[in-house]
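Here is the structure we will look at, set down as structure tokens.
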Amino acid sequence: MRGKVYLVGAGFGGPEHLTLKALRVLEVAEVVLHDRLVHPGVLALAKGELVPVGKEGYGEKTPQEAITERLVALAREGRVVARLKGGDPMVFGRGGEEVLALKRAGIALEVVPGVTSPVGALSALGLPLTHRGLARSFAVATGHDPTLPLPHADTLVLLMPLHALGGLKERLLERFSPKTPLALLARVGWPGETVRLGQVGDLPGLGEGVPSPALLVVGEVVGLYGEILGNSGP
């Protein structure tokens, strides 16, 4: 008997940001293979066995091949498996690699979307990605390699930027004024939530002491955030 694998997005932050379908899967899954960045409150909702298979930037990692092999093996045992990922499984979560591997192995699977942090975390803070008259486009990219070109958009959201802020500043100055507003966000929806406001010219110093993982948001829309907060600051 063959089982089934669900690739489940845990969203950002705590369990309040789970979809109803994700919750239902966690209630029926016999085994839950979860990433490091899944909130403990979400893990507490799982009824099955919890198996950590996380990856930490510049730290310990579970090889992707090992994760995929375990998903296939469990499904072939007839188990119902949840592969639980922070955010959305198909956005910087290697969900596409796992979908292809499971399809090639003939395993039944279903993807359960989640709220990805570049959108959800900003919305939860009241920080817009687009705003009439200021920004009509946004782009999301990884920020760990400053040698890569930045996408063209009015608002940029860069993931995993903390180890590369100096190089990113040089890249950003190719496109933006040094006075362009930016925000560094970390652990939104978790204890230790951090929001730092500044300008492109404030990098890399603005990032000192910011916990990982973090998002760097750059664009004129960030300048609205002080007013949204009632001019009280983060």
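The values are calculated or read from the model by the stated rules, or taken from the named source; none is laboratory data. Being a predicted model, the structure only gives us computed values, none of them experimental. Every residue, glycine as well, gets a Cβ built from its backbone with ideal geometry; the counts of neighbours run over all protein chains shown. For the accessible areas, the whole protein counts, side chains as well, though only heavy atoms, and no ligand, DNA or RNA atoms are used. Shrake-Rupley method; radii C 1.70, N 1.55, O 1.52, S 1.80 Å.
Of the residues making up the stretch 129-149, those that are within 18 Å of the chain's Cα centre (by Cα) and either open to solvent by 80 Å² or more (accessible area, probe 1.4 Å) or assigned by the TED database to the domain that holds PHE92 (or both) number 2.
For every residue, the table says whether it meets (1) in contact with a helix residue (DSSP H, G or I) (Cβ under 6 Å, 6 or more places away or on another chain); (2) touching a residue at least 12 places away in the same chain (Cβ under 8 Å).
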position	(1), (2)
LEU23	no, yes
LEU37	no, yes
ALA44	no, yes
PRO52	no, yes
GLU65	no, no
GLU77	no, yes
PRO89	yes, yes
VAL111	no, yes
THR116	no, yes
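Residues in the stretch 217-228 that are on the phi > 0 side of the Ramachandran plot and surrounded by fewer than 19 Cβ atoms within 10 Å (Cβ to Cβ): none.
Matching residues to (1) touching a strand residue (DSSP E or B) at 6+ places or on another chain (Cβ under 6 Å); (2) at pLDDT 95 or above; (3) surrounded by fewer than 19 Cβ atoms within 10 Å (Cβ to Cβ); (4) not assigned by the TED database to the domain that holds VAL188:
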{"residue": "VAL32", "(1), (2), (3), (4)": "yes, yes, no, yes"}
{"residue": "GLY48", "(1), (2), (3), (4)": "yes, yes, yes, yes"}
{"residue": "TYR58", "(1), (2), (3), (4)": "no, no, yes, yes"}
{"residue": "PRO63", "(1), (2), (3), (4)": "no, no, yes, yes"}
{"residue": "VAL111", "(1), (2), (3), (4)": "yes, yes, yes, yes"}
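Can you confirm whether LEU156 is outside any helix (DSSP H, G or I) and modelled with pLDDT under 95? It is false that LEU156 is outside any helix (DSSP H, G or I) and modelled with pLDDT under 95. Residues that are farther than 12 Å from VAL222 by Cβ, assigned to a loop (DSSP other than H, G, I, E, B) and not β-branched (Val, Ile, Thr) within the stretch 171-205 comprise GLU174, ARG175, SER177, PRO178, ARG187, GLY189, TRP190, PRO191, GLY192, GLU193, LEU203, PRO204, listed in sequence order.
Yes or no, residue by residue, for (1) among the aromatic types (Phe, Trp, Tyr); (2) crowded, with 17+ Cβ neighbours inside 10 Å:
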| position | (1), (2) |
| --- | --- |
| PRO151 | no, no |
| LEU156 | no, yes |
| LEU162 | no, yes |
| GLU170 | no, no |
| PHE176 | yes, yes |
| ALA183 | no, yes |
| LEU215 | no, yes |
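Checking each residue in the stretch 11-29 for being of a type in the set (Val, Ile, Thr) and in a helix (DSSP H, G or I) picks out VAL25, VAL28.
From the list GLY198, GLY126, the one residue that fits, being surrounded by fewer than 18 Cβ atoms within 10 Å (Cβ to Cβ) and within 19 Å of the chain's Cα centre (by Cα), is GLY126.
Of the set (1) of a type in the set (Asp, Glu); (2) closer than 22 Å to GLU27 by Cα; (3) surrounded by fewer than 21 Cβ atoms within 10 Å (Cβ to Cβ), all apply to ASP88 but (3).
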